Every structure is written in C-alpha cells, then in structure tokens.
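In what follows, a single structure is set out as structure tokens and then discussed.
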Amino acid sequence: MPNVMRHLILLLSLSALAACQPSSAPGTTETGSPAGPGLTSLPSDIPKIEGGGTTVLPDSVKGKWTAVRLVVEDKTAHTVNEYVVPLRSRWVVPGTPLTVEVGEFLPDFTIQDSVFTSVSPDPENPAVKVRVYEADRALFDAWLFSMYPSVHPFTHPRYGLLLKEGVAAS
C-alpha cells in the first residue's frame with residue numbers, strides 16, 4: 001500500500017479512535033472534540049468506536065515485540081527519562097505516583113471496523129495500549145502513538161508519557 005494511502009487511513013483511524021473519548025476526558029476540548037494540532041472537529045462520516053473496540057494481534061506480529069520504550073517527563077523537575085517496559089505488565093513509574101498498565105503493542109496500527117490490529121510486523125505506525133493510574137484513580141485508558149504523539153496524548157499537570165518505540169524480541 002503506498003505510504004500516502006497508509007497515512008490517510010491512519011489519520012482517519014486515529015480520528016475515529018479520538019471520537020470515542022468522553023467529553024470530560026483529558027485531551028478533549030469543552031465540546032468533546034479531540035485536542036491537538038488540526039483536530040478541532042471530526043468529519044461526520046467517521047464512525048465512533050463504542051466500548052473501545054477489540055485488539056487482534058496478527059500471527060505475523062506475535063512474539064516479535066517484547067517491550068516498549070516509554071519516555072516520562074517530569075514537567076516540574078524538568079527531567080526526561082526513558083524506560084523499557086515489558087508488554088502486558090504493570091509498572092510503577094519511578095519517583096512518581098503513577099502506575100502504567102502496558103498492554104499490546106501494534107507495530108503498524110490500524111482500525112478495521114472496531115478492531116485494533118497491525119497491518120504488518122514492521123514499525124510503520126507504532127502504538128501501545130496503556131492504562132495510567134495515579135494512586136488508585138484511573139487517568140488514561142487509550143493508545144499512545146510514537147509517530148503522532150499529539151493525536152491521543154496522555155495529559156497531566158506534572159507528568160508526560162510518550163511511546164518512543166517498540167522493543168523487538170532478541
């Protein structure tokens with residue numbers, strides 16, 4: 001698939017993903033539109049994905065990725081640290097009140113109907129499903145994208161969290 005077409009499908013898929021956020025969620029405007037550059041409203045023909053959809057890991061991806069490299073920013077201390085975190089694990093971010101549940105990694109993320117999957121085993125559009133908690137309060141339950149970090153960002157007054165890349169199995 002030509003890169004232009006793949007990126008168009010990605011942008012439409014990400015718009016659909018962003019549409020499933022409730023209006024009170026971080027990363028949305030007061031009207032519920034996703035925040036971020038160029039995402040002030042969604043086209044009417046982009047379907048909402050109710051219930052978050054289902055993740056399907058294709059056979060071509062299974063076992064190829066074992067972890068992700070996450071970048072954590074402390075906006076108050078002006079520090080940025082990188083961590084390698086295993087997939088399908090619960091991780092306490094050092095020196096913070098945050099806990100991150102790292103789910104599946106999709107190296108070439110796409111949405112097909114209401115299924116999150118990867119169209120190839122290559123890191124063309126890396127994404128990881130995460131849940132972030134502060135103490136026991138859920139703050140974020142969504143996908144982080146390494147190539148498009150502002151599309152569906154984790155927002156917090158003190159901490160930033162980004163996906164840098166997937167870590168391949170050795």
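The values are calculated or read from the model by the stated rules, or taken from the named source; none is laboratory data. Bear in mind that the values here come from a model prediction, so they are computed numbers and not experimental data. For neighbour counting, all protein chains shown are included, and Cβ atoms are generated from backbone atoms with ideal geometry for every residue, glycine included. Areas reflect the complete protein model, heavy atoms only, side chains present, ligands, DNA and RNA absent. Shrake-Rupley method; radii C 1.70, N 1.55, O 1.52, S 1.80 Å.
Listed values, structure above:
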read-out	value
Descending principal axes extents, segment 65-162, alpha-carbon based, whole Å	39, 24, 24
Relative contact order %, segment 42-170, counting alpha carbon pairs below 8 Å whose residues are six or more apart	28
Segment 72-134 - percent relative contact order, Cα under 8 Å, separation 6 or more	27
Length added when fully stretched, R158-S120, from 0.36 nm per residue minus Cα-Cα	10.1 nm
Heavy-atom accessible surface of segment 52-152: percent carbon and sulfur, 1.4 Å	50
Cβ-Cβ FRET estimate between R90 and L57, R0 fixed at 25 Å, reported to 0.05	0.85
